[in-house]
1. How high is the relative contact order of the stretch A:1-156, in percent, counting Cα pairs under 8 Å that sit 6 or more residues apart?
2. Is the protein assembly as shown best put as rounded, prolate or oblate by its Cα gyration tensor, with a ≥ b ≥ c the root eigenvalues, rounded for a/c under 1.5, and otherwise prolate when a/b is larger than b/c, oblate when not?
3. Checking the cross-link filter: which aspartates and glutamates have an alpha carbon closer than 18 Å to that of A:K52, excluding same-chain neighbours under 8 positions apart?
4. Mind checking which lysines have their C-alpha under 27 Å from B:K240, skipping anything on the same chain fewer than 8 residues away?
5. Hey, what did chain B get for relative contact order, percent, Cα under 8 Å, at least 6 apart?
6. Of the residues B:G224, B:G300, B:G115, which exhibits the maximal mean-square fluctuation in a Gaussian network model of chain B defined by a 10 Å Cα contact cut-off?
7. Just the ratio, please: alpha-carbon radius of gyration of the stretch B:1-134 over 2.2 N^0.38 Å, N its number of residues.
8. Sequence-distant or interchain residues sharing an amide H contact under 5 Å with B:S167, placed H: which?
Amino acid sequence: MKIGNKIIGEGKPCFIVAEAGINHNGDVNLAKELIKAAKDAGADAVKFQTFKAKSFLSKKSPQFELFQTLELGENHWAELASVASELGIPFFSTVTDEESVDLLDKLGVPAFKIASGDLTHLPLLRYVAGKGKPIILSTGMGTLGEIEEALNAIYSSANKQVALLHCVSAYPANPEEMNLRAINTLREVFQLPVGLSDHTIGSTIPVAAMALGTVIIEKHFTLDKNLAGPDQKLSLSPAEFKQMVANIRAMEKALGNGIKKPTESELEIRKIARRSIVARIRIPRGTIITEDMVRFARPGNGIEPRFAELVVGRRAKVGIEEGQAILWDVI
Amino acid sequence: MRKVRIGNKFIGGGEPTFIIAEAGLNHDGDFEIAKRMVEIAADAGADAVTFQHILADRLNVGAKASTNILTDTELEHLFHYANELGLLYTACVIDNESIDKITGCGVSFFKIVSGDLTNLPFLEYCAKKGLPILLSTGAAGISEVETALDVIQSAGNQDIVVYHTNSGYPTPPEDVNLRVMDTLQQAFQLPVGFCDHTVGILPPIVAVARGAKVIEKHFTLDRGLKGTDYEVSLEPGELKEMIRNIRLVERMLGSPVKKPLEYETNTVKFARRSIVSRIRIPRGTIITDDMLAFKRPGTGVAPPLMNLVVGRSAKVDINEDEIITWDML
């Protein structure tokens, strides 16, 4: 799958998404700062959530007032898209209704994100799929059957550009309940790129997920965890996010190609760490070497211990000092 | 994992199995028989035909020259003929001079026998020719395979297929150890093939299902001729049958996606069940569990939706043994 000019999939670098979410608290300037911070931290993209409270919440919902204050207007979204474009960081957002889909599509976003809660919102999925752009689908709280149904809804409009995010919708989530192995299951069952939308505190889990070949990491971040907001405490600070990006890149390199052989840097140490056959006592010239006359000591620049049988029983051609490594030419 | 290219064919990943019909020495030095064998290989659908061109006096200490092999010229003609018939070709050789000769004849790959796995200078020589190498690893431990690969790769040649093979002629089933193919693939990240020395066509077919990317099998015009490897050689009909089955297996592996096939979605209705009335349910009755049963065909309401049926009242009289539909509730 391709987002902007980045290819997402097995063998490709992990696509790291800085989720600003609602951490802007309704302030477009704070949102702009978040975009800058995401770029500085080395994220591959910055993401927000685009909604109108009255469109996806019932007025009776206790969250209604909060989400109303977190709304950004159409012109704000245009500003944010523009800031991101100037800074050269891909910008996209979670869509929650047809209006937000149209709005973001017009702004030229390279992909759409669907929140876990909307996994079963098939009408929305069909509408988004119809735009023909890549879709990142969160699967928190979902079963294989629900994911299958969601994918069928998307595929029905001939849009096959989907990536799944394994997600545990707990805020925050505990490491014990993360079940990272589900990432393998999703990949195997649906034959799609699979990532992780992480809600644990800290970045241990996303970095660990790299060992399972996770190709997308989405993580909340904020300018300051002490700001007000429901997602602040599970968000990373800019410095923490930067560190997470560095750790993810390091993990990618650490996985390697699976072929077991010494690395370049190991070759030097190999000589020192291995052992040589060494004279335990002074061996006068002409003596037949016996087992008790030799021992095995570092460094390994002499004869390897496994050739002991070819040394024992041979005659010393010259005198060998105690502690001297026995070489082929002295026997 | 990188794919290996032999001629115009690719090996590895999702590519078709590369099938080699090994004539070996079953021609017994008879050029006409060898020519016929090339035809058989082409007719059976093999991708390549190979010969053993091992000059005994170069191979064994104190051996006299071989009597049952073809001359270099005859071999060249056979290569030419194979090419005409659309087959790729090579000869299994064991010395540098022969390598030079067959390279000059335009072979597209080399096959190294298990006995030469530790013939490191020879491996280096072959590797430097820049042609793909099929490396047999019979009777070897992992360290010998590792060393051989190291020599070939250090000489700049990465186009290697590792052959799992057994040196027992013929190999009893317990000793086939197809699972070694998984080990070789995991350890060396190279395409793995299977050079079969059992009797019959079953192991290569199974090996393909298990991920072998290359299959090599001896064949002969007639086992009755008792050619060199006759016990483990297939006759023409068997070779054709083996190849046919291998292609079938490739098709059967199919897609990993678990979903009903198009034509299954129609027939599955008759295999599933509907919620039906066990007894007569008069109009107005509130439906309870014990009034219902589950029977085929599945053209009505599916069993998982029970909760939407139980507790509703019958809008009309429902007869005994009738499929319940939504408009009845």
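Readers should treat all values here as calculations from the given coordinates under stated rules, not as data from a laboratory. Here the structure is a predicted model, which means the values were calculated and not measured. For neighbour counting, all protein chains shown are included, and Cβ atoms are generated from backbone atoms with ideal geometry for every residue, glycine included.
1. Relative contact order, the stretch A:1-156: 19 percent.
2. Oblate, because a/c is 1.5 or more while a/b does not exceed b/c.
3. A:D27, A:E65, A:E71, A:E74, A:E79, A:D97, A:E98, A:E99, A:D102, A:D105, A:D118
4. B:K3, B:K9, B:K35, B:K111, B:K213, B:K217, B:K226
5. So the answer I get is 15 percent.
6. B:G300
7. That works out to 1.04 for the stretch B:1-134.
8. Hits under the 5 Å cutoff: B:A139.
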